[in-house]
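Engineer: Below: one structure in structure tokens.
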Amino acid sequence: METKSNSSLAEKLRDGSLYERAPESLRVQVQARLKAETARKSPSPWNGSWRMAGLPFVGGGIAGVGLCSLVFMTLLWTQPPPRSSDLQQEIVSSHVRALMSARTMDVLSSDQHTVKPWFNGRIDYAPPVVDPKAQGFPLVGGRLDYVDHRPVAVMIYQYLKHPIDLYVYPEDRGKSDGKSALSSTPLITQSDDGYSLVEWHQDGMVYWAISDASPVYIKRFAEAIKAGTRQ
Amino acid sequence: MAKHSPNRFDAVMLPHLDAAYNLARWLSGSPTDADDVVQEAFLRAFRFFDGYEGDNPRAWLLAIVRNTWFTEWRRQHNRADATPYDDSLNVDDQLPGWADESGEDPEKLAVRQDETELVHRALATLPVEYREVIVLRELEDMSYKDVAAVAGIPIGTVMSRLSRARRLLCTAVRAAQGGSEQQAIRLVKTPPAGPEESKRGN
């Protein structure tokens with residue numbers, strides 16, 4: 001872009017400075033609604049074509065309920081599923097919901113000395129708050145959220161234009177399966193919505209990072225946070 | 001059935017989310033209305049996707065955005081523009097309420113880097129029918145054909161409306177730049193003045 005001090009009105013109109021880009025929350029909302037719309041529209045796969053003449057919605061509904069109860073009962077009867085995949089879904093839902101509501105932060109500050117004390121009195125632990133902005137992940141704020149039956153602290157960071165939410169909460173001593181006494185290596189997964197997640201344990205805290213940035217950057221973020229909290 | 005797959009719709013239409021929001025925002029003037037319009041438009045686009053012929057997704061989507069806004073929001077919220085609009089007016093006739101000094105060309109009117117906000121406000125004051133064609137042509141860089149398709153008007157009307165819109169915008173921008181430049185000279189109750197009191201404000 002040339003840095004002329006003057007341009008013509010025509011150039012100004014065309015240079016993009018008047019262009020209104022869609023906010024991230026809108027993007028998320030549109031995608032969520034399209035998903036819901038798809039779910040409503042597509043007939044249940046187990047609803048064979050011989051049902052078409054009848055009452056397809058009722059048929060689909062009954063089949064759907066039937067399948068759901070089957071799955072539910074299976075879940076009850078088998079081993080409890082690994083906690084992390086339920087938890088993973090909770091994290092994804094909470095993250096997306098926060099983005100959709102455009103109320104992603106309760107405390108808007110890039111100063112870790114403002115964000116950390118803000119959690120006092122709101123949760124019963126003190127989350128370690130670091131600001132790895134030197135590595136390209138500045139802190140932008142924090143919020144309170146509710147995950148796994150308890151209030152948790154969420155620190156919000158940014159990588160370029162991608163928000164990254166970092167959920168931090170103490171491990172349950174009773175429920176831990178032994179290996180989490182010390183730190184564990186960050187485990188990267190990808191939800192089927194396309195969000196990248198990392199989970200790790202460190203000094204008795206559980207960390208979950210989630211973002212729509214690609215897994216490469218999430219991994220780097222996790223490493224930057226780990227390094228920051230190790231001090 | 002493959003056509004209705006959400007991935008195909010996403011891949012074809014989501015890249016134009018910004019364009020949809022930009023148009024909705026400029027039409028409605030409000031970020032919350034723009035949000036609502038875009039969501040509703042995307043739902044409609046998704047439902048009508050089978051009827052999409054396929055070579056110009058942006059124009060197709062923006063036409064839906066425009067119609068959604070026009071039929072739903074404009075009617076409900078009764079946003080009557082201050083200036084009555086009549087397409088049958090001869091292009092050179094003055095619109096009531098507008099001091100139209102024709103002859104100004106956006107290519108020639110200088111604006112400073114820091115006057116973006118001023119231009120933004122000037123564009124926002126244009127009657128929506130003019131604002132719309134400027135947004136589609138200049139901001140969105142659409143062909144006349146596409147502008148006509150989105151706005152639902154013949155190509156000839158696009159051209160004449162654009163020409164008018166550009167002149168109106170120039171007038172509005174110059175007025176904003178010059179302060180009271182466009183108004184009649186005001187009598188100021190001060191002693192006989194020096195050059196500061198000149199009618200051409202800075």
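Engineer: If A:P23 meets every condition in (1) facing another protein chain (nearest Cβ under 9 Å); (2) loosely packed, with under 15 Cβ neighbours inside 10 Å; (3) at pLDDT 80 or above apart from one, which number is that one?
Structural biologist: Of (1) facing another protein chain (nearest Cβ under 9 Å); (2) loosely packed, with under 15 Cβ neighbours inside 10 Å; (3) at pLDDT 80 or above, only one is false for A:P23: (2).
Engineer: Would you confirm whether or not the range A:85-104 contains a residue that is β-branched (V, I, T) and modelled with pLDDT of 85 or more?
Structural biologist: Yes: one or more hits.
Engineer: Shifting gears a bit: Is it true that some residue in the range B:16-24 is in a helix (DSSP H, G or I), within 13 Å of chain A (Cβ to nearest Cβ) and open to solvent by 60 Å² or more (accessible area, probe 1.4 Å)?
Structural biologist: no
Engineer: Condition first: of a type in the set (G, A, S) and within 7 Å of chain A (Cβ to nearest Cβ). Now tell me which residues in the range B:25-56 satisfy that.
Structural biologist: none
The values are calculated or read from the model by the stated rules, or taken from the named source; none is laboratory data. A quick note: this is a predicted structure, and the numbers were derived from the prediction, not measured. Counting neighbours? That spans all protein chains shown, and the Cβs are built from the backbone with ideal geometry, glycine included. The protein model used for the area step is the full one, side chains on, heavy atoms only, and it has no ligands, DNA or RNA in it. Shrake-Rupley method; radii C 1.70, N 1.55, O 1.52, S 1.80 Å.
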